[in-house]
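What follows is a short report on a single structure.
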There are 2 protein chains.
Amino acid sequence: MEKIRIGIAGYGNIGRGVELAIARNEDMELKAVFTRRDPSSVKIHTENAAVMHMDDMLSMKDEIDIMMLCGGSATDLPVLGPKIAADFNTIDSFDTHARIPEYFENVDKAAKAGGKIGIISVGWDPGMFSLNRLYAEAVLPQGSTYTFWGKGVSQGHSDAVRRVDGVKNAIQYTVPVETAVDRVRSGSEPKLSTREKHLRECYVVPEEGADLQAIENAIKTMPNYFDEYDTTVTFITEEELKAGHSKMPHGGFVIRSGNTGEEGNKHIIEYSLKLDSNPEFTASVLICYARAAYRLAKAGESGARTVFDIAPGLLSAKTPEELRAGLL
Amino acid sequence: MEKIRIGIAGYGNIGRGVELAIARNEDMELKAVFTRRDPSSVKIHTENAAVMHMDDMLSMKDEIDIMMLCGGSATDLPVLGPKIAADFNTIDSFDTHARIPEYFENVDKAAKAGGKIGIISVGWDPGMFSLNRLYAEAVLPQGSTYTFWGKGVSQGHSDAVRRVDGVKNAIQYTVPVETAVDRVRSGSEPKLSTREKHLRECYVVPEEGADLQAIENAIKTMPNYFDEYDTTVTFITEEELKAGHSKMPHGGFVIRSGNTGEEGNKHIIEYSLKLDSNPEFTASVLICYARAAYRLAKAGESGARTVFDIAPGLLSAKTPEELRAGLL
C-alpha cells in the first residue's frame with residue numbers, strides 16, 4: 001500500500017496526539033517531526049522517523065505529503081500557517097473563531113501560489129461541532145442552535161488563573177449547566193445568558209502564605225474570563241492536582257431544535273462528544289483530514305479549505321464502493 | 001433572488017413534506033407536482049404550481065432545475081430513478097440498503113448519459129445517520145458503531161401486521177431498548193443481539209369476531225419481521241388508533257465508541273434525532289440536498305452521488321464566507 005507521508009510541525013500535546021493517531025491508520029506513516037527546540041532533545045515514539053529543526057523543513061519538501069501544523073492559534077499559526085502552506089499541503093486546528101476569515105484568506109493566497117491544499121480549523125470545535133451546526137441548520141432553517149462545552153479543561157482559562165498573584169498552579173473546568181441542556185433538549189428554544197449555560201470550576205494550588213480570599217476574588221471578578229459566570233474556587237495541594245487533574249477530558253453538545261410544516265412539528269438534532277483525551281481526539285480528527293488533503297492535492301486542487309468544503313467520503317480509508325455498501 | 005425551481009414526482013407523505021419544506025427555504029420554488037393519479041383529483045397547497053401527470057414530465061424539462069423523487073423504494077424508484085435521472089437532476093430517498101450499490105450504478109449511467117446529477121439515498125437513514133457513521137469511523141478507526149431506531153413507526157412492519165388474517169388496521173412502533181443504549185454509551189462496546197437492541201410494539205384493530213390469540217401468535221412468530229424480537233401486541237379500537245396513533249414520530253441514535261493513543265483513551269460520539277414528523281424531517285433533508293445538486297449541476301458535474309460525496313457547505317443557503325464567519 002502506498003502510504004501518506006506525514007510531517008508534524010510542533011511537538012506539544014496535539015503533535016504527540018497526531019503521532020499516536022498515525023499509528024492507528026494503516027495508510028499513513030510519520031516521516032519527520034519538526035521542532036523549534038534542539039532536535040536532539042526531543043524524543044519521539046516512532047522508529048524510522050526523523051526529528052529536525054523547524055528551519056530545515058524545506059529540505060523535506062519531496063518526502064512529505066501532508067504537514068500537520070500543531071502550533072498554537074494565538075501566535076504560532078497566524079505566521080507559520082501561511083508560510084508553510086506555500087510549500088506543503090497543510091492541516092491545522094486554528095481555533096481563534098473571530099480571526100478565521102482573515103486566516104483563511106492568508107492561507108488561501110499562499111497555498112494557491114504554491115499549488116498546495118491547506119485545510120484550516122480542523123478538530124472538534126472548530127471542526128466536528130461546526131459541521132453539526134451547519135448540517136442541522138441546513139436541514140432545519142427555522143430553529144435555534146446551542147453549543148455547550150464540557151465538562152472539560154479550558155487551557156486559556158487555566159492559564160488565566162495561573163497568572164493571578166499568589167497562585168502556584170491551577171486548572172479550570174468548563175461545565176455545562178444540566179438544567180439548561182435539558183431545557184434546550186425539550187425543544188422550547190430558550191434564551192440563555194452566558195451565566196445560565198456554563199459554570200466554571202477552578203482548582204487552585206496557592207503559594208505558601210498566599211491570601212486565599214484575595215485569590216478567590218481576583219479569579220471570580222476577572223473580566224472576560226470569569227465575571228460573567230458562576231465560578232467556584234477550590235484550593236488543593238500540588239499532589240492533589242497531579243493525582244486528580246492530570247487527564248485532559250473534554251466534550252460537549254451541539255443541539256438544534258427547529259420546526260417544519262404548517263403545524264410547526266418539532267425536531268431535535270443532537271450531537272455530543274465525551275472525550276477521555278482532548279488532544280488525542282483532536283489529533284484523530286486532524287489526521288483523517290490529512291487523507292482528504294492528500295486526495296485533493298492528487299486531484300490537482302489548491303488553496304485553503306475548511307471542513308465545510310470537504311466531502312465526507314474523502315475522510316475514510318474505505319473506497320466509495322465500500323462506503324456505499326457498508327455505511328450508507 | 002434567482003430561485004431553484006423544484007418538481008415533485010409522487011405526492012404521498014414525503015412529496016407533501018417536500019412541498020412544505022420548499023415554503024421554508026427562500027431560495028426555492030415549487031413549479032409542478034407530478035402524479036400517476038388524475039391530476040385534477042390532486043389538491044396541493046402551493047399557489048402558482050402545476051399538477052401534471054407523470055407521463056407529461058418531459059414537457060417541463062426546461063422549467064425545473066431539480067426533480068424530487070418521492071416514490072417508494074420497493075417498486076417505484078428502481079424503475080423511475082434511472083429513467084428520470086436521464087433528463088432531470090434528481091434527489092431521492094432510496095432506502096433498500098442491500099440494493100444501494102446496484103441502484104447507484106443504474107442512476108449513475110443514466111445521469112452521466114444525460115449530463116445530470118442524481119443524489120440518491122438522502123434522508124436520515126440512509127442520510128444523516130450514514131454521515132455520522134462515516135465521520136465517527138473515520139475519526140476513530142478502532143471502535144464500534146451502533147445504530148438504534150425509534151421510538152417510531154415502521155411502515156414496513158405496520159404493513160406486515162395489516163396483512164395478518166383478522167387484522168383490520170394496525171401500527172407498529174420500533175423501540176430502542178434503553179439499557180442497551182446505556183451500555184453502548186458507557187463505552188463498553190457490548191455485543192448485542194437483534195433482540196437486545198429493539199422492542200416491537202404493535203397496536204392492532206381486529207376485525208369483528210376475529211381470534212385475538214391467533215392474531216397475536218401470527219404476529220409474534222412472523223419470520224424476518226418479528227420472530228427475532230420481543231414483541232407486544234395490544235388490541236385497540238379504530239377510534240383509539242386514530243386518536244392516539246395518527247402522528248408519524250421517529251428518531252434514533254448513532255453511537256460510536258472507540259479509543260486512541262497507547263493507553264486506549266475512550267471516546268464516545270453520539271448523534272441523535274427526535275422527530276415529531278418523520279416524513280417532514282426526511283423531506284427537509286431532501287430539499288437541502290436539492291440545493292447541492294443545483295450547485296453541482298451548474299458547475300457542470302454529472303452522474304450519481306450520495307451524501308458521502310457532497311461537501312457540507314453546498315447544503316447551506318449561506319455563502320462560504322458567511323459559513324466561515326458564523327458557523328465554523
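The values are calculated or read from the model by the stated rules, or taken from the named source; none is laboratory data. These numbers come from a predicted model, not from an experiment. Glycine gets a Cβ as well: all are built from the backbone with ideal geometry, and neighbour counts include every protein chain shown. The protein model used for the area step is the full one, side chains on, heavy atoms only, and it has no ligands, DNA or RNA in it. Shrake-Rupley method; radii C 1.70, N 1.55, O 1.52, S 1.80 Å.
Looking at the range A:157-236, the pairs of alpha carbons with a distance over 20 Å make up 37% of the total. Return the carbon/sulfur percentage of the accessible area of the range B:190-246, one whole number, probe 1.4 Å, all protein chains in place. So the carbon and sulfur contribution to the accessible surface is 48 percent. Residue by residue along B:98-106, Cβ atoms of other protein chains within 10 Å of the local Cβ number 2 on average.
Of the chymotrypsin sites (Phe, Trp or Tyr not before Pro) found in the range A:1-102, not one falls in a DSSP loop while having at most 12 other beta-carbon atoms within 10 Å. Summarising the strand pairing of the protein assembly as shown, around 55 percent of its internal DSSP beta bridges are antiparallel. Ordered from longest to shortest, the equivalent ellipsoid semi-axes for the range A:146-294 are 34, 22, 11 Å, each the square root of 5 times a Cα gyration tensor eigenvalue.
All Cα-Cα separations within the range A:243-328 were binned at 10 Å from zero, giving a P(r) of 13, 27, 32, 22, 7, 0, each value a whole percent of the pairs.
Judged by the gyration tensor of its Cα atoms, with axes a ≥ b ≥ c, the range B:105-189 is oblate; a/c meets the 1.5 cut and b/c is at least as large as a/b. Dipole of the range B:82-142 computed with +1 at Lys/Arg Cβ and -1 at Asp/Glu Cβ about the Cα centre; of B:Phe104, B:Ala138, B:Pro82, farthest Cα towards the positive end is B:Pro82. Along the range A:187-204 the Karplus relation, 6.51 cos²θ - 1.76 cosθ + 1.60 evaluated at θ = phi - 60°, assigns HN-Hα couplings of x, 7, 6, x, 8, 10, 6, 3, 5, 6, 8, 9, 9, 10, 10, 10, 10, 10 Hz to successive residues, with x for each Gly and Pro. Size estimate for the range B:1-81 follows the Kirkwood approach: the inverse of mean 1/r over distinct Cα pairs works out to 12.8 Å. With the label put 7 angstrom out from Cα along the Cα-to-Cβ vector, B:Asn217 ends up 8.3 nm from the copy partners, going from closest to farthest. Averaged over the residues of peptide B:16-25, the number of Cβ atoms from other protein chains lying within 10 Å of each residue's Cβ is 3. Chain A packed on chain B takes about 5900 Å² of accessible surface away from a 1.4 Å probe, both sides summed. In nanometres and ascending order, the distances from the B:Glu178 label point to those of the other copies are 1.5 (point 7 Å from Cα along Cα→Cβ). Building the convex hull from the alpha-carbon atoms of chain B and averaging its projection over directions returns 19.9 nm².
How are the Cα pair distances of the protein assembly as shown distributed, in percent, across 20 Å bins from 0? Pairs per bin, as whole percents: 17, 47, 29, 7, 0. Backbone phi angles across the range A:236-253, fed through the Karplus curve with coefficients 6.51, -1.76 and 1.60 (θ = phi - 60°), yield HN-Hα couplings of 9, 8, 4, 5, 5, 4, 5, 5, x, 9, 9, 7, 10, x, 6, x, x, 9 Hz in residue order; Gly and Pro are listed as x. When you filter the GluC sites (Glu not before Pro) in the range B:1-107 for DSSP loop state and at most 14 other Cβ atoms inside 10 Å of their Cβ, you are left with B:Glu2, B:Glu26, B:Glu47, B:Glu63. About its Cα centre, the range B:153-208 has a charge dipole of approximately 220 debye under the convention of +1 per Lys or Arg Cβ and -1 per Asp or Glu Cβ, with nothing else charged.
Cross-link reach is defined here as a Cα-Cα straight distance under 20 Å, omitting same-chain residues fewer than 8 places apart; for B:Lys191 the lysines meeting it are B:Lys266.
For the range B:50-178, what class follows from the C-alpha gyration tensor (a ≥ b ≥ c being the square roots of its eigenvalues): rounded when a/c is under 1.5, otherwise prolate if a/b is larger than b/c, else oblate? Since a/c reaches 1.5 but b/c is at least a/b, the shape of the range B:50-178 is classed as oblate. Run the Debye formula on the Cα coordinates of the range A:31-74, all scatterers equal and no solvent, and tell me log10 I(q)/I(0) at q = 0.20, 0.30, 0.33 1/Å. Treating every Cα as an identical point scatterer, log10 I(q)/I(0) equals -0.68, -1.28, -1.35. Taking the Kirkwood radius as Rh and the Cα radius of gyration as Rg, the range A:55-116 has a ratio of Rg/Rh equal to 0.96. For chain A, DSSP calls about 50 percent of its internal beta bridges antiparallel.
Once backbone amide H atoms are built at 1.01 Å from N, B:His198 has B:Val177 as its partners under 5 Å, excluding neighbours fewer than 5 places away on the same chain. Counting Cβ atoms of other protein chains within 10 Å of each Cβ in B:314-320 and taking the mean gives 4.
Here's the list of lysines a cross-link from B:Lys109 could span, going by alpha-carbon distance under 27 Å and ignoring same-chain residues fewer than 8 apart: A:Lys298, A:Lys318, B:Lys31, B:Lys61, B:Lys83, B:Lys298. Of all lysines in the structure, those lying under 22 Å Cα to Cα from B:Lys168, and not within fewer than 8 positions of it along the same chain, are B:Lys220, B:Lys242, B:Lys247. Taking every DSSP bridge with both residues inside the range A:1-156, close to 5 percent are antiparallel. Shortest first, A:Ser59 label-point distances to identical copies amount to 7.6 nm, with the label point at 7 Å from Cα along Cα→Cβ.
In the range B:211-279, taking the dipole from charged Cβ atoms about the Cα centre, the farthest positive-side position among B:Ala218, B:Gly264, B:Thr231 is held by B:Gly264. Among the chymotrypsin sites (Phe, Trp or Tyr not before Pro) found in the range B:252-328, not one is both in a DSSP coil and sparsely packed, with 13 or fewer other Cβ atoms within 10 Å of its Cβ.
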